[in-house]
Amino acid sequence: MATNAERKETRLVARTTAEIQEIIQRAADYSGATLSQFLIESAMEKARSVIEHTETLHLSMAGADALLAALETPPKANKKLLKAAQRYQETVNVPGH
């Protein structure tokens, strides 16, 4: 989170109804924060939650066991996989891969 000493370089703007603004302002007042602080802290909390939910793999124990087993004993590459890998190298042209 940015400190007061850090220079703020961008601005977030949101249009809303007066009723929504009053509710958010009341919540900010109850929490002891300014409206801007409350909005930023709330948005950051939600953003972190969405990112964590999206970027984290959640598996059941059976799913985790199946994943580990596949990683420990991967199947042998068949012709279709080898052809796809060759096509990928030709298309992407990544040196050293």
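When Q89 is tested against the conditions (1) modelled with pLDDT under 95; (2) open to solvent by less than 70 Å² (accessible area, probe 1.4 Å), the lone failure is (2).
Of all helices (runs of 4 or more DSSP H) completely enclosed by the range 1-75, which ones contain at least 1 residues that are of a type in the set (F, W, Y) and either within 23 Å of the chain's Cα centre (by Cα) or modelled with pLDDT of 95 or more (or both)? Let's see the steps before the verdict.
Working: elements: 18-31, 35-55, 61-72.
In the range 1-75, 18-31, 35-55 are the helices (runs of 4 or more DSSP H) which contain 1 or more residues that are of a type in the set (F, W, Y) and either within 23 Å of the chain's Cα centre (by Cα) or modelled with pLDDT of 95 or more (or both).
Would you tally the residues in the range 1-46 being open to solvent by 100 Å² or more (accessible area, probe 1.4 Å) and in contact (Cβ under 8 Å) with a residue 12 or more places away in the chain? The number of residues fulfilling the criteria is 2. Taken together, the criteria exclude K80 from residues that are open to solvent by 100 Å² or more (accessible area, probe 1.4 Å), on the phi < 0 side of the Ramachandran plot and not in a helix (DSSP H, G or I). Does the range 47-77 hold any residues that are surrounded by 10 or more Cβ atoms within 10 Å (Cβ to Cβ) and either touching a residue at least 60 places away in the same chain (Cβ under 8 Å) or basic (K, R) (or both), and which are they? Result: R48, single match.
The values are calculated or read from the model by the stated rules, or taken from the named source; none is laboratory data. Predicted model only: the values in this text are computed from it and were never measured. FYI the Cβ positions are ideal-geometry reconstructions off the backbone, even for glycines, and counts take in every protein chain you see. Heads up: the accessible areas ignore ligands, DNA and RNA and are worked out on the full protein's heavy atoms, side chains in. Shrake-Rupley method; radii C 1.70, N 1.55, O 1.52, S 1.80 Å.
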